[in-house]
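Enquirer: Pasting a structure below so you can have a look.
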Amino acid sequence: MAGTAIPPDTAPHEPGPAADRRPGRPPAPERPRRRRRATAGTGRLAALLVSPTLLVLTVVVLYPTLMALDESLYGPKGLDPKTGFISNTEPFVGLRNYTDIFTQAGDRFWNAFWNTTFFTVVTVSLETVIGVAMAIVMHRAFRGRAVVRAGILVPWAIPTAISGLLWKWIFNADGIANVLLGHQVLWTADGFSAKIAVVIADVWKTAPFIGLLVLAGLQVIPKEVYEAARLDGASALQQFWRITLPLVKPALLVAVLFRCLDALRMFDLPYILIGAQKGSVETLSMLAQNEASNVRFGPASAYAVLLFLYVFLIALAFVRLLGADLIGGVGGTKKRKSHAVRRPRHRVREVTA
């Protein structure tokens, strides 16, 4: 007489809709439920919520950019050969303004381009180091921390024009800077000392901005992480490199990106502190302003368009290279393919009695 033995790890068969299953075979795994797709109403609601932002961006960014691009194709007003008076319309010159920038005004343009790049690299690097140090100091728990935080953030709250005037008095010929150094330095004259003056003034003003954003990143790090590191024997330097810096990296990268975009558009600080048409500190924004003040709106728009392209390419490269870190590593890891685990089937053994 032959019978069938059911393995002990098999669940007992229960009556139900799957009553026609063979005895001894485990139930089939449940299929994962599919997520509900966004309906047309949800899409319309999302478009409605985003439309104010898109409208503001169109008015503030897209429209002025298109107008500047259109204006850069026209030359300055000249004399009308028929009447001998200044023409009321600007002549269409096509891309001549751009070719003049790289040919006739090439030396001045490249000087302003390298000055802009120099100020961006040097100031942002110094501000990053000093800002992180400020954030660590402000994050410490000590008596009078609120006063220290307020004092550190004061330079950032001062308008740039006022800051430029303050540093202009400091770097004056008989100012406090020369008194501390003990000899005369022409800080506000045209030369390398003028670049140093602009760098010092800009770092003093905007380093607290990076410190503020890094401080926000430090405050979300749990204290248990540092306690565990101390129990493992990690030194203060190891805690900074292995814990603090990796965890505040997203906030730090956002701060550096904002500062790079702001430094590339530098105008008011060197203009007030040193002055206009100083070759050692002249930036691309100052070139555009100089052309516009001389009623040469076509060349001024061409400078503005080139500056826009420079800033856009820097921002695009920054986001492309460090995009995953800007949002805290979300999306930075590739999704692994999920392989279905096959469950071993229980063989039915025949027992002969």
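The values are calculated or read from the model by the stated rules, or taken from the named source; none is laboratory data. Source: prediction; values computed, not measured. We place every Cβ from the backbone using ideal geometry, glycine too, and count neighbours over all the protein chains shown. With ligands, DNA and RNA removed, areas are computed over all heavy atoms of the protein, side chains included. Shrake-Rupley method; radii C 1.70, N 1.55, O 1.52, S 1.80 Å.
Enquirer: So who's got an amide H within less than 5 Å of the one on residue 74, skipping anything under 5 residues away but keeping other chains? H placed 1.01 Å off N, in plane.
Expert: 93
Enquirer: If you don't mind, another one. Need one value: the accessible area of residue 130 in square angstrom, 1.4 angstrom probe, rounded to the nearest 10.
Expert: 70 Å²
Enquirer: Return one whole number: the accessible area per residue of the range 108-326 in Å², for a 1.4 Å probe.
Expert: 52 Å²
Enquirer: Here's something else I'd like to know. What share of all Cα pairs of the range 118-243, in percent, falls into each consecutive 10 Å distance bin?
Expert: 12, 31, 30, 17, 9, 2
Enquirer: Taking 25 °C and 0.890 mPa s as the conditions, I'd like the Stokes-Einstein D for the range 200-315 in µm²/s, using the Kirkwood hydrodynamic radius from alpha carbon pairs.
Expert: Value of D from the Cα-based Kirkwood radius: 142 µm²/s.
Enquirer: Using 0.36 nm per residue, how much length does the chain from residue 225 to residue 92 gain when fully extended, once their Cα-Cα distance is taken away?
Expert: On the way: separation 133, 0.36 × 133 = 47.88 nm, distance 6.48 nm.
Extra length from residue 225 to residue 92 when fully extended: 41.4 nm.
Enquirer: Along the charge dipole of the range 108-326, Cβ charges K/R +1 and D/E -1, which of 115, 144, 286 sits furthest on the positive end?
Expert: Going by the charge dipole, the pick is 144.
Enquirer: Name the residues of the range 246-260 whose amide N is less than 19 Å from a point 7 angstrom out from the Cα of residue 240 along the C-beta direction?
Expert: Those under the cut-off are 246-253, 256.
Enquirer: Counting Lys and Arg as +1 and Asp and Glu as -1, each charge on the Cβ, what is the dipole of the range 108-326 about the Cα centre in debye, to the nearest 20?
Expert: In debye, rounded to 20, the range 108-326 gives about 300.
Enquirer: Lys/Arg Cβ at +1, Asp/Glu Cβ at -1, dipole of the range 108-326 taken about the Cα centre: which of 304, 319, 244 is farthest positive-ward?
Expert: Result: 244, furthest along the dipole toward the positive end.
Enquirer: Using θ = phi - 60° and the Karplus relation 6.51 cos²θ - 1.76 cosθ + 1.60, list the HN-Hα couplings for the range 217-222 in order, rounded to whole Hz, with x at every Gly or Pro.
Expert: Coupling constants for the range 217-222: x, 5, 6, 9, 7, x Hz.
Enquirer: Return, for the Cα atoms of the range 108-326, the radius of gyration and Dmax in Å, separated by a comma.
Expert: 20.1, 69
Enquirer: A further question on this structure: Once the dipole of the range 108-326 is set up with Lys and Arg at +1 and Asp and Glu at -1 on Cβ about the Cα centre, which of 157, 216, 175 lies farthest towards its positive end?
Expert: 216
Enquirer: Ignoring ligands, DNA and RNA, how do 190, 174, 262, 202 rank by accessible area with a 1.4 Å probe, largest first?
Expert: 174, 190, 262, 202
Enquirer: Give the long-range amide H neighbours of residue 87: residues separated by 5 or more places, or on another chain, with amide H under 5 Å away, using H modelled in the peptide plane at 1.01 Å from N.
Expert: It is 78, 79, 80, by chain and number.
Enquirer: A further question follows. Once you put a point 7 Å from the Cα of residue 125 and another 7 Å from the Cα of residue 66, both along the Cβ direction, what distance in nm separates them?
Expert: Taking the simple label geometry, residue 125 and residue 66 are separated by 4.1 nm.
Enquirer: Residue separation times 0.36 nm, minus the C-alpha to C-alpha distance between residue 59 and residue 196: what's the value?
Expert: Value of the extension gain: 45.5 nm.
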